[in-house]
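The values are calculated or read from the model by the stated rules, or taken from the named source; none is laboratory data. Just so you know, these numbers come straight off a predicted model, no measurement behind them. Cβ atoms come from the backbone with ideal geometry, glycine included; neighbour counts cover every protein chain shown.
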Amino acid sequence: MAEVKRRALLFSECTDFRSTSGKGASGIVDGRRIGIGSIRYFEKLGASIHGALAQQLDALQDAGKTCVLVGEIGEKSAHILGGLVIADVLRAEAPEVVRTLKAMGVERVVLVTGDNGRVASEIAQQAGVDEFHAELLPEDKVRVLKSFKTIGPVAMVGDGVNDAPALATATIGIAMGAAGTDVAMDTADVVLMSDNLRNIPFAISISRHARAVIWQNLAIAMSVIVVLIASALGFSLPLTLGVVGHEGSTVLVCLNGLRLLAYRPKENSK
């Protein structure tokens, strides 16, 4: 829309908007129902995709590009009017993040996507993930995650509407806040308030460190309680010393917890 306004192009109002999750959307424009969506979206609507068009779409997908078609939808069929080609560009830090996760002990890094298999294969190879599952609808992502949960705890990272069911299904759902949709952030257990992928291993690392600090604080608190009870029963501990010992342990626990504010992963501490 920003580009349409920049070029001062005229466009008609869209009414009766309908969305098919994971496939496409349509609306009434100048009395015609115009749809935009994936190839299978139009195939299901009865569109004829063969000949030169099919060859061109295959060539584009072989090149690692996602094809989104635009067409007019009739009562019994659909007519293709054109399309958009979207190139999925891998983030420069993605391979590094995958390597870091594996070094931290993450057993398997998996790509789950609604893109076609050829695009997913190209991205998965560049990123260095262990496996990929392509052409997935939201319910398919849920099915894949449930199969992984039979092996062990699963963390899901996503930012889109189609990721929300999978985020809710995962043991831990992580939403990328800066670029994420509202429904993804509402569903996730953890929201990273930026779209920097390096924050994913950082979140895992600091959570492990926080767990260690919690155990330290529990040990400090229990030790102080045992010492104070033993002193009160066996040595007639004065009330003043008891109060100082108890409140002093509280301060010590708080200070130990505040060390998390200065925490930096070892690999980023240089």
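The table below gives the values:
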| read-out | value |
| --- | --- |
| Qualifying residue in the range 3-25 (condition: touching a Cys at 6+ places or on another chain (Cβ under 6 Å) and either at pLDDT below 90 or farther than 16 Å from Gly114 by Cα (or both)) | no |
| Selection from the range 248-270 of residues that are at pLDDT below 85 and not in a loop (DSSP other than H, G, I, E, B) | Lys266, Glu267, Asn268 |
| Flag for Gly35 being in contact with a His (Cβ under 8 Å, 6 or more places away or on another chain), touching a residue at least 24 places away in the same chain (Cβ under 8 Å) and not in a loop (DSSP other than H, G, I, E, B) | no |
| Options Gly114, Gly105; residue that is assigned by TED's automatic domain parsing to the domain that holds Val190, surrounded by fewer than 18 Cβ atoms within 10 Å (Cβ to Cβ), of a type outside the set (Val, Ile, Thr) and not in a helix (DSSP H, G or I) | Gly105 |
| Number of the exception - Thr187 against (1) out of contact with any strand residue (DSSP E or B) (no Cβ under 8 Å at 6 or more places or on another chain); (2) polar (S, T, N, Q); (3) surrounded by 14 or more Cβ atoms within 10 Å (Cβ to Cβ) | (1) |
| Some residue of the range 212-235 being part of a loop (DSSP other than H, G, I, E, B), within 29 Å of Gly22 (Cα to Cα) and without any contact (Cβ under 8 Å) to a residue 40 or more places away in the chain | no |
| Selection status of Val142, in contact with a Ser or Thr (Cβ under 7 Å, 6 or more places away or on another chain), under 20 Å from Arg40 (Cβ atoms) and at pLDDT 90 or above | yes |
| Yes/no for Ala230 being surrounded by 11 or more Cβ atoms within 10 Å (Cβ to Cβ) and more than 40 Å from the chain's Cα centre (by Cα) | yes |
| Meets criteria (surrounded by fewer than 19 Cβ atoms within 10 Å (Cβ to Cβ), of a type in the set (D, E, K, R) and at pLDDT 90 or above) for Glu135 | no |
